[in-house]
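Below is one structure; the comments refer to it alone.
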Amino acid sequence: MTIALPPQTSSSPPGLQPEGWLRYLSFSLDHKVIGLQYMVAGFFFYLVGGALAGMIRVELASPISDFIGRETYNEVLTLHGTVMIFLWIVPVVNGAFGNYLIPFYVGARDMAFPRLNAVAFWLIPPAGFLLIASYFIGGAAQSGWTAYPPLSLTTPAAGQVVWILSVLLLGGSSIFGGINFIATVLKMRRPGLKMMQLPMYCWAMLGTSILVVLSTPVLAGTLVLLSFDIIAHTGFFNPALGGNAVVYQHLFWFYSHPAVYIMVLPAFGLVSEILPVHARKPLFGYTTMVYSILAIVFLGLIVWAHHMFTSATPPWMRLFFTIATAFIAVPTGIKFFNWLATLWGGKIALNSAMLFSCAFILHFVFGGITGVALAQVPFDIHVHDTYFVVGHFHYVVYGGTVFVIFGSIYHWYPKFTGRMLNEDLGRFHFLITFIGFNLCFAPQHWLGLNGMPRRVAEYDPQFTLVNQISSVGALLMALSTLPFLINVFWSAFSGKVAGDNPWNALTPEWLTTSPPPVENWKGEAPLVTHPYGYGVPPGQIDLKAATGRELWSSGQ
Amino acid sequence: MALVLSGLWIGQNVDILPAAASLNAPIYDQLFRVLFSIGSILFIGIFGLLIFSLIRFRRREGETGDGVAVEGNLQLEIFWTAIPAVVVLFVGIYSYDIYDRMGGMVPLSDPHSMHGAMMTSQGSDSDVSAVIQASVLGTPPEPSERIWGGIGSGQVSAAPTLPVEVTALQFAFLFHYPQGDITSGELHVQKGQPVELRMEARDVIHAFWVPEFRLKQDIIPGQPTLLSFTPIKAGSYPIICAELCGPYHGGMRSTVVVHEPDEFATWFEKNNTATVAIAPGASTTG
């Protein structure tokens with residue numbers, strides 16, 4: 001019991017790097033250490049963001065502003081959005097799983113730029129603490145995570161400037177990570193491994209990183225200009241000085257819509273890894289999956305103005321962005337149908353990883369349907385900036401990505417630590433998260449349709465009951481982290497020993513010890529050309545019949 | 001088939017929207033029903049398929065084998081690329097049509113074509129030429145003014161427009177009636193008479209939202225904005241600021257009172273402070 005979590009690897013060559021648990025607090029260059037650093041730091045910020053969400057739901061349990069002050073409420077909602085997006089979801093789906101898995105998948109011993117990788121991680125804790133500290137020193141930003149001017153120019157300047165600084169640091173971290181992933185996937189592949197033989201998560205991270213590298217600098221530039229407006233009283237976005245507030249919105253959403261894909265594309269990739277293993281079937285339609293990722297990347301860059309249908313946008317622009325946005329549903333739909341086809345006819349293990357992944361499919365389909373509806377200008381004009389959008393957004397990023405993060409932790413925990421997570425606790429965790437999540441966010445769609453705007457501390461008393469239902473759901477979600485935390489800590493010491501490959505999986509990370517040695521493999525890296533080669537040969541079954549059934553069921 | 005029918009049935013019977021109190025609201029509700037039908041069909045279908053797969057293909061006690069090694073099926077994949085593409089295209093064209101009927105796609109040169117008409121120049125907002133210039137520079141929808149088929153708006157749109165100047169500031173809406181020099185904290189309008197709001201924001205971005213009218217428009221400082229609508233149902237409805245505008249954002253609310261024509265004339269006369277003023281609605285319909 002004196003061994004700290006996670007257990008130390010047996011072979012550690014002497015060097016300047018600390019060993020044992022201390023390396024998780026060091027400037028380690030090992031991609032696996034950095035991946036876990038991202039994950040633990042991200043999870044810490046998830047708890048912070050969750051506590052902030054809890055404050056919001058407590059405030060909204062009653063229709064009057066009675067729990068926290070109005071300024072504080074706006075600080076809380078700003079911090080909640082910023083922390084959850086920039087410090088939890090983006091670092092974890094990209095940084096944590098990306099760093100841990102990508103070198104394995106391409107057959108490399110580390111990322112292309114290990115030092116840059118460590119720098120990218122170590123930008124995150126100071127940025128996060130800076131952001132949170134701003135609340136205690138003079139007050140945090142109050143203008144929402146969107147920081148629209150002129151509001152962000154008129155709220156207390158110190159908090160807003162710290163917010164900008166923090167987001168710039170996090171954006172820098174994200175860009176460093178993105179460059180590293182692109183270089184690793186394109187240049188570090190083991191000789192003989194072709195692009196079209198890579199596991200799907202590599203493609204997802206390649207697409208995501210392209211989005212990061214193309215769009216994050218735009219946000220950074222915009223925020224620098226915004227900080228000039230605040231500090232130096234320039235007038236880029238200040239209408240009182242001849243600036244234009246709408247330009248900020250265009251620039252902001254040019255990053256922040258792709259940011260949604262930066263959050264969900266890696267989740268798509270992770271699900272594509274989890275489903276085939278636990279359904280014991282090859283990933284259905286590999287090639288179309290790759291092309292749909294590329295299509296999502298392309299379309300994701302040209303849809304930003306759908307966040308601005310009620311701002312002053314000309315009609316042609318509304319029409320263009322409606323159609324572009326709606327068309328994202330096509331490549332996304334391909335992926336979902338392919339996942340369903342992957343499950344069809346499999347031998348599905350109903351474990352926690354699978355349950356979280358299937359709940360992801362369900363939630364994301366729902367969020368996708370409301371998303372296509374929101375893309376329609378006339379529909380959006382009514383529900384824009386209401387709780388309908390809040391519900392839609394959380395179905396996509398929580399019901400989608402966060403469920404995948406949990407599923408992925410259940411799937412890869414044996415690799416990280418060498419021990420299995422407890423399945424009963426895991427299913428219990430799934431059950432209350434699933435119920436709590438749907439109870440919290442499904443009613444919010446109704447609230448938005450019926451007239452409750454977002455980002456309010458007080459509301460029409462007719463919405464009290466539904467808000468209280470939503471708050472109960474939030475409480476369940478908060479409680480659901482307990483079995484998870486207990487499970488993670490307990491299993492680290494006393495979990496069932498996993499062995500190298502407990503899932504009998506074929507992707508390269510399972511073809512080494514658990515946890516893996518410092519340079520991933522003893523000896524040469526394996527060449528995996530069929531990462532999804534599960535299943536009995538197709539000759540032995542009636543392929544025609546299976547196809548007919550699939551055709552029938554998907555055509556409904 | 002049963003799925004499609006049940007989806008259509010759900011779509012036709014869904015009733016979760018607030019009352020429809022402006023001319024464009026019933027058109028909006030039509031779109032909502034169509035989207036709800038399509039959405040229900042898709043969601044129930046995928047949900048059913050997923051649950052069925054999880055039960056039917058679950059790994060049973062003692063089973064260790066693999067599933068079928070099907071790596072893909074090009075025809076199937078083309079099929080489920082084509083179907084969503086067609087559905088999305090249909091929805092896009094349909095919503096374009098709805099938007100057009102709500103007045104959103106009126107040609108820019110049409111002086112009645114604005115809903116978010118604004119100008120980025122610094123001209124005075126009360127300046128008539130500036131407003132006209134704004135409409136030419138162009139922007140979006142204007143949900144009344146146009147005669148919509150099947151809704152019986154022909155008579156209605158013949159009525160003269162009631163102009164109201166709206167000022168949004170932290171944290172209130174102020175309504176000024178130039179025809180009677182009335183300033184009010186509530187918006188009073190007449191059933192059946194088109195209203196034209198000339199909106200401007202003093203400090204930060206606000207948004208004018210009346211859920212019962214299915215209308216929302218951001219009011220951006222420096223950009224005088226026009227929004228028109230025709231109320232069709234008497235009653236009081238909330239006006240809500242929908243864009244985060246500061247600490248009291250949640251309290252930035254007002255009321256729009258839709259009067260019957262004679263009631264409106266009474267209200268207008270009572271508050272009229274202009275020396276020569278003609279109550280716009282009273283003279284024609286009252």
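Please compute the Kirkwood hydrodynamic radius over the range A:293-430, one decimal place, Å, based on all pairs of different Cα atoms.
16.8
Once phi is turned into θ = phi - 60°, what whole-Hz ³J(HN,Hα) does the Karplus curve with 6.51, -1.76 and 1.60 give for every residue of the range A:222-239, x standing for Gly and Pro?
Taking θ as phi minus 60°, the curve returns 4, 5, 5, 4, 4, 5, 4, 4, 7, 7, 9, 6, 6, x, 4, 10, 9, x Hz for the range A:222-239.
Using square roots of five times the C-alpha gyration tensor eigenvalues, list the equivalent-ellipsoid semi-axes of the range A:239-288 in whole Å, biggest first. Mind dumping the intermediate values first?
On the way: eigenvalues 366, 17, 4 Å².
After diagonalising the Cα gyration tensor, the semi-axes are 43, 9, 4 Å.
What distance in nm separates the two pseudo spin-label positions at B:R58 and A:V497, each 7 Å out from Cα along the beta-carbon direction?
3.2
Can you compute the radius of gyration and Dmax for the range A:96-198, using only the Cα atoms, both in Å?
18.5, 58
Return the equivalent ellipsoid semi-axes of the protein assembly as shown as a descending list in whole Å, where each equals the square root of 5 times an eigenvalue of the C-alpha gyration tensor.
Whole-Å semi-axes of the equivalent ellipsoid: 50, 30, 23.
May I ask you to sort B:M252, A:M195 by Cβ crowding, counting other Cβ atoms within 10 Å and putting the fewest first?
Fewest to most other Cβ atoms nearby, the residues stand as A:M195, B:M252.
For the range B:184-194, what does the Karplus curve 6.51 cos²θ - 1.76 cosθ + 1.60, with θ = phi - 60°, yield as ³J(HN,Hα) per residue in whole Hz, taken in order and with x for Gly and Pro?
3J(HN,Hα) across the range B:184-194, in whole Hz: 9, x, 10, 9, 10, 9, 10, 4, x, 9, x.
Suppose each label sits 7 Å from its Cα in the direction of the beta carbon; what would the B:T273-A:L431 distance come out to in nanometres?
About 6.7 nm separates the two model spin labels.
What is the Cα radius of gyration of the range A:151-283 over 2.2 N^0.38 Å, N being its residue count?
For the range A:151-283, the normalised Cα radius of gyration is 1.38.
Mind putting a number on the dipole of the protein assembly as shown about its Cα centre? Charges go on the C-beta only, +1 for Lys and Arg and -1 for Asp and Glu, and I need it in Debye to the nearest 20.
With Lys and Arg at +1 and Asp and Glu at -1, about 2700 debye.
With equal scatterers on the alpha carbons only and no solvent term, can you work out the Debye log10 of I(q)/I(0) for the range A:225-352 at 0.13, 0.16 1/Å?
-0.68, -0.84
Given a cut-off of 15 Å, what percent of all Cα-Cα pairs of the range A:16-88 lie beyond it?
Every Cα pair in the range A:16-88 considered, those over 15 Å come to 61 percent.
Show which lysines lie in cross-link reach of A:K281 when reach means a straight Cα distance below 22 angstrom and same-chain residues fewer than eight apart are skipped.
Here the lysines satisfying the reach criterion relative to A:K281 are A:K194, A:K335, A:K347, A:K415, A:K544.
Along the range A:478-485, what does the Karplus equation 6.51 cos²θ - 1.76 cosθ + 1.60 (θ = phi - 60°) give for ³J(HN,Hα), rounded to whole Hz, x for Gly and Pro?
5, 5, 5, 6, 4, x, 5, 5
Can you list which of the chymotrypsin sites (Phe, Trp or Tyr not before Pro) found in the range A:375-412 are DSSP loop residues with at most 15 other C-beta atoms within 10 Å?
Passing both the DSSP loop test and the Cβ count: no residue.
Just subtract the alpha-carbon distance of A:R115 and A:V472 from 0.36 nm times their residue separation and send over the number in nm, one decimal.
124.0 nm
To the nearest Å, what is the center-to-center distance of the range B:177-240 and the range B:1-55, using C-alpha atoms only?
31
Using the Kirkwood radius built from alpha carbon pairs, what does the Stokes-Einstein equation give as D for the range A:280-350 at 10 °C and 1.306 mPa s, in µm² per second?
Value of D from the Cα-based Kirkwood radius: 114 µm²/s.
For A:L527 and A:W490, what does the FRET efficiency come to when R0 = 60 Å and r is the distance between their Cβ atoms, rounded to the nearest 0.05?
Approximately 0.95, to the nearest 0.05.
Among B:V91, A:V518, rank each residue by its count of other Cβ atoms within 10 Å, from fewest to most, as a rough exposure measure.
In order of increasing Cβ crowding within 10 Å: A:V518, B:V91.
Take A:C358, A:C440 and order them by how many other Cβ atoms sit within 10 Å, fewest up front.
Placing the least packed residue first, the sequence is A:C440, A:C358.
If amide H atoms are built 1.01 Å from N in the plane of the peptide, which residues on other chains or at least 5 residues away come under 5 Å of the amide H of A:I348?
Residues meeting the criterion, in which the H sits 1.01 Å from N, are B:R58, B:R59.
For B:S22, which sequence-distant residues (separation of 5 or more, or a different chain) have an amide H within less than 5 Å of its own amide H, given hydrogens modelled in the peptide plane?
Distant-sequence amide H within range of B:S22: B:I232.
Can you compute the modelled spin-label distance between B:T183 and B:E263, with each label point 7 Å from Cα toward Cβ, in nm?
2.7
Multiply the residue separation of A:D424 and A:A51 by 0.36 nm, subtract the distance between their alpha-carbon atoms, and state the gained length in nm to one decimal. Provide the component values of the computation, followed by the final result.
Values: separation 373, 0.36 × 373 = 134.28 nm, distance 2.62 nm.
Once the chain is fully extended between A:D424 and A:A51, it gains 131.7 nm.
Work out Dmax and Rg for the range A:54-107 from the C-alpha atoms and quote the Rg first, both in angstrom.
17.7, 57
What share of all Cα pairs of the range A:455-500, in percent, falls into each consecutive 10 Å distance bin?
P(r) for the range A:455-500, in whole percents per bin: 21, 28, 20, 16, 11, 4.
Values quoted throughout were computed directly from the atomic coordinates according to the rules given, and no laboratory measurement underlies them. The model shown is predicted, which means the values in this text are computed figures rather than measured ones. Cβ sites come from the backbone with ideal geometry, for glycine too, and all protein chains shown count toward neighbours.
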